[in-house]
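K.L.:
Provided herewith is a single structure, encoded as structure tokens, for subsequent inquiry.
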């Protein structure tokens, strides 16, 4: 029997109150819900020249556009990095998650660092797919990452006609070509910090597996389900006292009969977070 909204909110409140450990799993849907839309009004305003010239329709697919020159390629990426990583600071929805779950461990496929910006402890965040604020060697070797913030701030005012000056094309300290630290192929750099956070996440889940573990899955669809969505389902099946709560308007899978403690929400995340903190007036 499907629970109504009030019953699901009550069940979520109880799961939060009883949890010994909490893991937040987050995908692109959470950032979209927080207001950073890769194809929304802000995108159309800030990327009007690129939309007109190249016909791009959203930031995700534009990341694969075959620009003809490095000057065009890095002009787009300077704007892209600024838009997604440095423009907004911490979004309110992420600050509310911190207020509700300050000791949660976070595993995320998002590369916008919103959990870190909101104030979650860095040691409790495993960003599996990279970070917009970092460059890596284009070849993937050596396994070294560098900040791109100063470069972005210097180059943004110099963008003209969707290009940057040739001398502003970024490079590693040794002069070799850079790439974004985003997982697109096997050159993705898993440096010491990445490896450390992967171990911390694995250790956290292992230590919590026999206790009351609450898995909060936000906005994860079927783009990369093997990183968070499917493992969370497996944890909920294998660990005896685990509750999985899925927040997803498009792909909730509300009828996972083999999961004894499963709650699915398709409603607005902001409204849900409000309702778990105060009595419902339905």
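K.L.:
Within the bounds of the stretch 250-259, is there any residue that is outside any loop (DSSP other than H, G, I, E, B) and in contact (Cβ under 8 Å) with a residue 24 or more places away in the chain?
P.N.:
no
K.L.:
State the number of residues belonging to the stretch 46-61 that are more than 18 Å from the chain's Cα centre (by Cα), in a helix (DSSP H, G or I) and within 21 Å of residue 28 (Cα to Cα).
P.N.:
Residues in the stretch 46-61 being more than 18 Å from the chain's Cα centre (by Cα), in a helix (DSSP H, G or I) and within 21 Å of residue 28 (Cα to Cα): 1 in total.
K.L.:
Which of the residues that make up the stretch 103-126 are free of Cβ contacts under 8 Å to residues at least 12 places away in the same chain and part of a loop (DSSP other than H, G, I, E, B)?
P.N.:
Within the stretch 103-126, just 121 meets the criteria.
K.L.:
Looking at the stretch 9-22, is at least one residue more than 21 Å from residue 116 (Cβ to Cβ), surrounded by 13 or more Cβ atoms within 10 Å (Cβ to Cβ) and touching a helix residue (DSSP H, G or I) at 6+ places or on another chain (Cβ under 7 Å)?
P.N.:
Taking every residue of the stretch 9-22 in turn, at least one turns out to be more than 21 Å from residue 116 (Cβ to Cβ), surrounded by 13 or more Cβ atoms within 10 Å (Cβ to Cβ) and touching a helix residue (DSSP H, G or I) at 6+ places or on another chain (Cβ under 7 Å).
K.L.:
So in the stretch 204-214, with the set limited to residues that are touching a strand residue (DSSP E or B) at 6+ places or on another chain (Cβ under 6 Å) and part of a helix (DSSP H, G or I), which one is nearest to residue 28 (Cα to Cα)?
P.N.:
204
K.L.:
State which residue pairs qualify: first residue in a helix (DSSP H, G or I) and inside the stretch 215-244, second residue surrounded by fewer than 23 Cβ atoms within 10 Å (Cβ to Cβ) and modelled with pLDDT under 95 in any location, beta carbons under 6 Å apart, and separation of 6 or more residues or different chains.
P.N.:
236/259
K.L.:
Something else now. In this structure, is residue 267 surrounded by 20 or more Cβ atoms within 10 Å (Cβ to Cβ) and over 17 Å from the mean Cα position of the chain (by Cα)?
P.N.:
No: the conditions fail for residue 267.
Yes/no matrix, rows are residues, columns are (1) within 21 Å of residue 244 (Cα to Cα); (2) surrounded by 13 or more Cβ atoms within 10 Å (Cβ to Cβ):
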{"site": "159", "(1), (2)": "no, yes"}
{"site": "166", "(1), (2)": "no, no"}
{"site": "173", "(1), (2)": "no, no"}
{"site": "206", "(1), (2)": "yes, no"}
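K.L.:
Would you confirm whether or not the stretch 92-102 contains a residue that is over 27 Å from residue 228 (Cα atoms) and touching a residue at least 12 places away in the same chain (Cβ under 8 Å)?
P.N.:
Checked the stretch 92-102: no residue is over 27 Å from residue 228 (Cα atoms) and touching a residue at least 12 places away in the same chain (Cβ under 8 Å).
K.L.:
Okay, moving on. For residue 275, state whether it is in contact (Cβ under 8 Å) with a residue 12 or more places away in the chain and over 27 Å from residue 85 (Cα atoms).
P.N.:
yes
K.L.:
Do we find that residue 43 is touching a helix residue (DSSP H, G or I) at 6+ places or on another chain (Cβ under 7 Å) and modelled with pLDDT of 95 or more in this structure?
P.N.:
Yes: the conditions hold for residue 43.
K.L.:
Among the residues of the stretch 80-94, is any over 30 Å from residue 199 (Cα atoms), part of a helix (DSSP H, G or I), modelled with pLDDT of 95 or more and over 24 Å from the mean Cα position of the chain (by Cα)?
P.N.:
no
K.L.:
Quick one: residue 121 ticks every box in (1) touching a helix residue (DSSP H, G or I) at 6+ places or on another chain (Cβ under 8 Å); (2) under 19 Å from residue 27 (Cα atoms) except a single one, so which number is it?
P.N.:
Looking at each condition in turn, residue 121 falls short on (1).
K.L.:
Separate question: Quick one: would you say residue 152 is in a strand (DSSP E or B), surrounded by 15 or more Cβ atoms within 10 Å (Cβ to Cβ) and at pLDDT 95 or above?
P.N.:
When the stated conditions are applied, residue 152 does not pass them.
The values are calculated or read from the model by the stated rules, or taken from the named source; none is laboratory data. Note that the structure is a prediction, hence the values are computed from the model and not measured. For neighbour counting, all protein chains shown are included, and Cβ atoms are generated from backbone atoms with ideal geometry for every residue, glycine included.
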